[in-house]
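Following: one structure in structure tokens, then a few remarks.
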Amino acid sequence: MKGFKYIIILGVLLIIGYWVSDLFYNDESYSQAVLKYRENKDLNFRSVTNSPLPDSVRRRFDKLTYYAPTRDYEITADFMAEEHPEPVAMPMTTGTQEPYYVKGKAKFELNGQTHTLTLFQKAGSTSDTLFIPFTDQTNGFDTYGGGRYLDAIPNGKTIVLDFNKAYNPFCAYNPEFACPMPPAENRLKVKIPAGEKEFALK
């Protein structure tokens, strides 16, 4: 009986060990994937053809700055699709407007509070990826004062909001770009210390 009991205990410990190992492996793999994505973005920013940076800035550019990746800000939200998407005039940083469709809302919990973001699709786009311009309480401090963007694809009634991939609009690097301005309903009253930080040459 004793031997049988030890076998059961050993089996349980092995299962726990595999579970813990898998957990850390997944987190490590996730972080590595995010870091690789950021490296590729830096390469594009150094490129003559793909960079949004003015040439004088691009020549001195090294890399963008980010918060360290953390899965605390990879959030699975409830997705409420808009049954009859209506076009809205999205204000741009240049004072103009461009047509976007409201495709739904994402509701999620963070820091003990419920938050909601409106998701958009640019008129004429056929992509499943939705556009989320937002502001949070890091803007003007660690992150760009005009807000940041996020892209996400709904999966039925849920959607993953990975704020580790939050990025700056092109006008954060070059004021000649026309960028959508986050609407009032997407002004989060919480800090999102994840994703891209404010751009500054080093």
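One residue is enough: does region 64-75 have a residue meeting the conditions over 26 Å from F170 (Cβ atoms) and open to solvent by 50 Å² or more (accessible area, probe 1.4 Å)?
Among the residues of region 64-75, at least one is over 26 Å from F170 (Cβ atoms) and open to solvent by 50 Å² or more (accessible area, probe 1.4 Å), which makes the answer yes.
In the set I153, I159, which member is among the β-branched types (V, I, T) and either open to solvent by 80 Å² or more (accessible area, probe 1.4 Å) or at positive phi (or both)?
On inspection, the qualifying residue turns out to be I153.
What are the residues in region 81-90 that are modelled with pLDDT of 95 or more and either exposed (fewer than 11 other Cβ atoms within 10 Å of the Cβ) or within 19 Å of the chain's Cα centre (by Cα) (or both), if any?
Once the filter is applied, which keeps residues that are modelled with pLDDT of 95 or more and either exposed (fewer than 11 other Cβ atoms within 10 Å of the Cβ) or within 19 Å of the chain's Cα centre (by Cα) (or both), region 81-90 yields only A89.
For residues that are among the small types (G, A, S) and part of a loop (DSSP other than H, G, I, E, B), scanning just region 147-158, find the one that is farthest from Q97 (Cα to Cα).
Top of the filtered list is G156.
Check P180 against each of (1) within 27 Å of D55 (Cβ to Cβ); (2) touching a helix residue (DSSP H, G or I) at 6+ places or on another chain (Cβ under 8 Å); (3) in contact (Cβ under 8 Å) with a residue 60 or more places away in the chain and name the one condition it does not meet.
In the conditions (1) within 27 Å of D55 (Cβ to Cβ); (2) touching a helix residue (DSSP H, G or I) at 6+ places or on another chain (Cβ under 8 Å); (3) in contact (Cβ under 8 Å) with a residue 60 or more places away in the chain, P180 misses (2) alone.
Would you confirm, using the coordinates I've provided, whether G104 is free of Cβ contacts under 8 Å to residues at least 60 places away in the same chain and more than 17 Å from D128 (Cα to Cα)? Spell out how you get there, then give the answer.
Working: free of Cβ contacts under 8 Å to residues at least 60 places away in the same chain: yes; more than 17 Å from D128 (Cα to Cα): no.
No.
Would you call P52 under 18 Å from the mean Cα position of the chain (by Cα) and crowded, with 16+ Cβ neighbours inside 10 Å?
no
All but one of (1) within 22 Å of A172 (Cα to Cα); (2) out of contact with any Pro (no Cβ under 8 Å at 6 or more places or on another chain) hold for T138; which doesn't?
Among (1) within 22 Å of A172 (Cα to Cα); (2) out of contact with any Pro (no Cβ under 8 Å at 6 or more places or on another chain), T138 violates only (2).
For the condition farther than 25 Å from P87 by Cβ, in contact with a helix residue (DSSP H, G or I) (Cβ under 8 Å, 6 or more places away or on another chain) and open to solvent by less than 70 Å² (accessible area, probe 1.4 Å), what is the one hit in N164, N168? I'd like the intermediate steps shown before the answer.
On the way: N168 fails: in contact with a helix residue (DSSP H, G or I) (Cβ under 8 Å, 6 or more places away or on another chain).
Answer to the selection: N164.
Surrounded by fewer than 19 Cβ atoms within 10 Å (Cβ to Cβ) and modelled with pLDDT of 95 or more, is that true of F134?
So F134 fails the test.
Looking only at region 62-80, decide whether some residue is at pLDDT 95 or above and in contact with a His (Cβ under 9 Å, 6 or more places away or on another chain).
Taking every residue of region 62-80 in turn, at least one turns out to be at pLDDT 95 or above and in contact with a His (Cβ under 9 Å, 6 or more places away or on another chain).
Among the residues of region 181-191, is any more than 22 Å from T94 (Cα to Cα) and aliphatic (A, V, I, L, M)?
Yes, region 181-191 contains at least one residue that is more than 22 Å from T94 (Cα to Cα) and aliphatic (A, V, I, L, M).
Tell me which strands (runs of 3 or more DSSP E) are completely within region 65-146 and hold 3 or more residues being among the polar types (S, T, N, Q), or say none if there are none.
Working: elements: 74-81, 87-91, 97-110, 113-122, 130-134.
In region 65-146, 113-122 are the strands (runs of 3 or more DSSP E) which contain 3 or more residues that are among the polar types (S, T, N, Q).
The values are calculated or read from the model by the stated rules, or taken from the named source; none is laboratory data. Everything numeric here is computed off the predicted structure, so don't read it as measured data. Using ideal geometry, Cβ is built from the backbone for each residue, glycine included, and neighbour counts are taken over all protein chains shown. Calculation scope for accessible area: heavy atoms of the full protein, side chains included, ligands and nucleic acids excluded. Shrake-Rupley method; radii C 1.70, N 1.55, O 1.52, S 1.80 Å.
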